[in-house]
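**Q** The following block contains the structure, expressed as structure tokens.
The values are calculated or read from the model by the stated rules, or taken from the named source; none is laboratory data. Predicted, not measured: the structure shown is a model, and the values here were computed from it. Here the Cβ positions follow ideal geometry from the backbone for every residue, glycine too, while neighbour counts run over all protein chains shown.
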Amino acid sequence: MTPDKAEEFDFQSVPLDPDTLDDVAKADCPIVDVRGVTVRFESQTILKEIDLQIQRGQTLAIIGESGCGKTVLMKTIVGLIPPSEGTVIFDGRDLGRISQQEMTRTRRRFGFVFQNAALFDSMNIFDNVAFPILQHEKASDSEIEGRVMEKLSEVGLPPEAAMKFPAEISGGMRKRVGLARALILQPELVVYDEPTTGLDPIMSDVINELILATRRNYPVTSVVVTHDMRTARKVANRVVMLYPRRRLQADQSQMLFDGSPSDLDHADDRRVRQFVRGEAGERINELIRETAAISQSNAGT
Amino acid sequence: MAGLTYRDDLPLGEKRPGKLSHWVTDWGGMVVDGVSTVGDITIFAYRMFVWMFTRRPAKGTLLTNFYHVGVLSLPVVALTGTFIGMVLAVQSHRQFAMIGMENRLGAVINSSLVRELGPVLAATMLAGRVGSAIAAVIGTMRVTEQIEALTTMGADPIHYLVVPRFLACLLLIPALTIMADFMGIVGGYFYSVIVLGIDHAAYLQNSADFVTGYDLFSGILKSFFFGAIIAIVSCYRGFNCQAGAEGVGQAATAAFVMSFVLILGVDLVLNILLDAFYYAVWAPETSL
């Protein structure tokens, strides 16, 4: 159809297919909808009343200092940690209410890149990357081999690496294998836990480029948990900053910032600007006061 | 118990808890922890049984575990069995010789071996070799997020990690016990007949007279229970491993200690039940 003809076409006259309607509705609603999520471990509250919507195709970076609950939030999003309160809705379905079988099927749509890759020590690289296919699909050996080698090649790993074991390869290679494994089933949501932590600057940038390439090549939504500002600025089109719950007043929100990476430097909150610039500020004095308070509390018990 | 502490900043007029309260709290905490652990293990075992009967484990995973539990344990179990048999001969010979019954040595060595020492010592050895390894491997997988990785890829960790290990222990520990019994019989025979010079025919005749099929059956039956205990306890400890190298070490140690205590406890209960069953069914016809 030429552009002119398209303008003349009467879209109203075409009966809408229910499936198409469903797709249109889905495209409008967020792929992940976190509603009032609180996560507690015993008496310690890690996350309190978090609300977060992630749109399809978005790359969201969750930043914040160590212990602020970034990884807990990410694991809650993919159903690894059940929230103490609130709900996590993935593609219109409440993860807390679906059956175990449905959860297993839903997990096929997630890709998870772990901080230390979490490769299975007992398997070689090939078997690690092939594992999700074997779990979810009935594919021939030749098809599995083709897909695994293609994915390894996409993340820049030579075919010889396939027969090596995780202990025999470098940290950067392990991260790339973890990425290949997370992407092998072409998931709709990929979550990255500290993807560049522990890597040299060049390898960090390689990982950033791979995250960008994944976004370009697949219709994927990404959540990147990081405290590497270079990664956050480079890969994300939205940034959320969390703050440790224990250092906030009861009525204060744990989410200090929610906006584009370019707005980070001009954030209203001093703590956001300090984090982005990597300035300790009063933090060392706060740490000393916290330690003194803990010591006093322990002495009283 | 974690979480139960005493504060010094009590309101005025409120009595400070005494030593008795501390004692009650500590013991109460231990009881609560114990009950909670038993409940956790029961739920863990239940989930494992549900998976075992609903979905078959992958052949590759099963064979790997069979190899690790069975084939790699053969030498140590054979060695244990041989030495138990020989030590029994050394220990019993002098006592039996004093009352002129050294020809009956085969009866006591082989009867003790197949009924009690073979199954229990083989299980103890395997709790150390296999159980600790299971707890350490699963514990390492826990602390390096490999178990979470399994979950994110849609594989249930209990189905993938526990079921094959349980089947390997359940089926192969009895087989290894038979091997320990056999090697113990050989070791006992060697030391009694070759080293101590006991009459070969009398040794064998006494063994055949006093060791019954029921002795062999009860020993092997017990080893199925021991295999199940080792697998469930070790996997449970691995799954509940604390962070770090120390956590993995503690999980491996706790797996062995807990398996060992349970093996001894279950052995006592099974002996009482098996004896009661034996005397209820066969005792009237039995005479020494």
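**Q** For the range A:78-102, enumerate the residues that are in contact with a Gly (Cβ under 6 Å, 6 or more places away or on another chain) and free of Cβ contacts under 8 Å to residues at least 40 places away in the same chain.
**A** The one that is in contact with a Gly (Cβ under 6 Å, 6 or more places away or on another chain) and free of Cβ contacts under 8 Å to residues at least 40 places away in the same chain: A:LEU95.
**Q** Here are B:THR37, B:THR54: which of them is out of contact with any strand residue (DSSP E or B) (no Cβ under 9 Å at 6 or more places or on another chain) and within 14 Å of another protein chain (Cβ to nearest Cβ)?
**A** Working: B:THR37 fails: within 14 Å of another protein chain (Cβ to nearest Cβ).
The match here is B:THR54.
**Q** Then there's this: Which is hydrophobic (A, V, I, L, M, F, W, C) and surrounded by 17 or more Cβ atoms within 10 Å (Cβ to Cβ), of A:LEU212, A:LEU185? Break it down into steps so the answer makes sense when it comes.
**A** Details: A:LEU212 fails: surrounded by 17 or more Cβ atoms within 10 Å (Cβ to Cβ).
After applying the criteria, what remains is A:LEU185.
**Q** Please verify whether B:PRO17 is surrounded by 12 or more Cβ atoms within 10 Å (Cβ to Cβ) and at pLDDT below 85, treating the condition exactly as stated. Quick ask: steps written out before the conclusion?
**A** Values: surrounded by 12 or more Cβ atoms within 10 Å (Cβ to Cβ): yes; at pLDDT below 85: yes.
Here the answer is yes, as B:PRO17 does meet what is asked.
**Q** Just name the residue that is surrounded by the most Cβ atoms within 10 Å (Cβ to Cβ) out of those in the range A:270-289 that are touching a residue at least 24 places away in the same chain (Cβ under 8 Å) and more than 22 Å from A:GLN58 (Cα to Cα).
**A** A:PHE275
**Q** Looking at A:SER297, A:SER253, which is the one that is of a type in the set (Ser, Thr, Tyr), within 14 Å of chain B (Cβ to nearest Cβ) and closer than 20 Å to A:THR45 by Cα? Before you say what the answer is, go through the steps one by one.
**A** Working: A:SER253 fails: within 14 Å of chain B (Cβ to nearest Cβ).
Criteria check complete, one pass: A:SER297.
Yes/no per residue for (1) small (Gly, Ala, Ser); (2) surrounded by fewer than 14 Cβ atoms within 10 Å (Cβ to Cβ):
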position	(1), (2)
A:ASN128	no, no
A:LEU134	no, no
A:GLU137	no, yes
A:SER140	yes, yes
A:LYS151	no, no
A:GLU154	no, no
A:PRO158	no, yes
A:ALA161	yes, no
A:PRO166	no, no
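**Q** Another one. Which one is nearest to A:ARG176 (Cα to Cα) among residues in the range A:109-152 that are within 23 Å of the chain's Cα centre (by Cα) and away from chain B (no Cβ under 13 Å)?
**A** Going residue by residue through the range A:109-152, those that are within 23 Å of the chain's Cα centre (by Cα) are A:109-120, A:125, A:128-133, A:135-136, A:148, A:151-152.
Imposing the further condition that a residue be away from chain B (no Cβ under 13 Å) reduces the set to A:125, A:148, A:151-152.
Values: A:ILE125: 11, A:VAL148: 13, A:LYS151: 10, A:LEU152: 8 Å.
Residue satisfying both the conditions and the ranking: A:LEU152.
**Q** Still on this structure, I have one more. Residues that are in contact with a Leu (Cβ under 8 Å, 6 or more places away or on another chain), part of a helix (DSSP H, G or I), of a type in the set (Gly, Ala, Ser) and at pLDDT 90 or above: does the range B:42-61 have at least one?
**A** No, the range B:42-61 has no match at all.
**Q** Out of B:LEU121, B:LEU150, I need the residue that is more than 9 Å from every other protein chain (Cβ to nearest Cβ), surrounded by fewer than 24 Cβ atoms within 10 Å (Cβ to Cβ), assigned to a helix (DSSP H, G or I) and free of Cβ contacts under 8 Å to residues at least 60 places away in the same chain. Which one? Steps first, please.
**A** Numbers: B:LEU150 fails: more than 9 Å from every other protein chain (Cβ to nearest Cβ).
Every option except B:LEU121 fails the conditions.
**Q** Let me ask you something else. So which residues in the range A:83-108 are closer than 20 Å to A:VAL191 by Cα and at the interface with chain B (Cβ under 10 Å from one of its Cβ atoms), if there are any at all?
**A** Once the filter is applied, which keeps residues that are closer than 20 Å to A:VAL191 by Cα and at the interface with chain B (Cβ under 10 Å from one of its Cβ atoms), the range A:83-108 yields A:MET103, A:THR104, A:ARG105, A:THR106, A:ARG107, A:ARG108.
**Q** For A:LYS138, only one of the following conditions fails: (1) at pLDDT below 90; (2) under 24 Å from A:PRO201 (Cβ atoms). What is its number?
**A** Of the numbered conditions (1) at pLDDT below 90; (2) under 24 Å from A:PRO201 (Cβ atoms), the odd one out for A:LYS138 is (2).
**Q** Hey, can you tell me all the residues within the range A:43-82 that are of a type in the set (Ser, Thr, Tyr) and away from chain B (no Cβ under 14 Å)?
**A** A:THR45, A:THR59, A:SER66
For (1) part of a loop (DSSP other than H, G, I, E, B); (2) closer than 23 Å to B:ARG115 by Cβ; (3) touching a Pro at 6+ places or on another chain (Cβ under 8 Å); (4) within 14 Å of chain A (Cβ to nearest Cβ), each residue gets a yes or a no:
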| position | (1), (2), (3), (4) |
| --- | --- |
| B:TYR160 | no, no, yes, yes |
| B:ARG165 | no, no, no, yes |
| B:MET179 | no, yes, no, no |
| B:ILE185 | no, yes, no, no |
| B:PHE190 | no, yes, no, no |
| B:GLN205 | no, yes, no, no |
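**Q** From the list B:GLY139, B:GLY197, B:GLY106, which residue is more than 30 Å from B:PHE239 (Cβ to Cβ) and either within 14 Å of chain A (Cβ to nearest Cβ) or part of a loop (DSSP other than H, G, I, E, B) (or both)? If you could, list the steps in order and put the result at the bottom.
**A** On the way: B:GLY139 fails: more than 30 Å from B:PHE239 (Cβ to Cβ); B:GLY106 fails: either within 14 Å of chain A (Cβ to nearest Cβ) or part of a loop (DSSP other than H, G, I, E, B) (or both).
When all the criteria are applied, what remains is B:GLY197.
**Q** Among the residues of the range A:188-205, write down those that are part of a helix (DSSP H, G or I) and buried (at least 17 other Cβ atoms within 10 Å of the Cβ). Spell out the reasoning first.
**A** Going through the range A:188-205, the residues part of a helix (DSSP H, G or I) turn out to be A:201-205.
Correct list: A:MET203, A:SER204.
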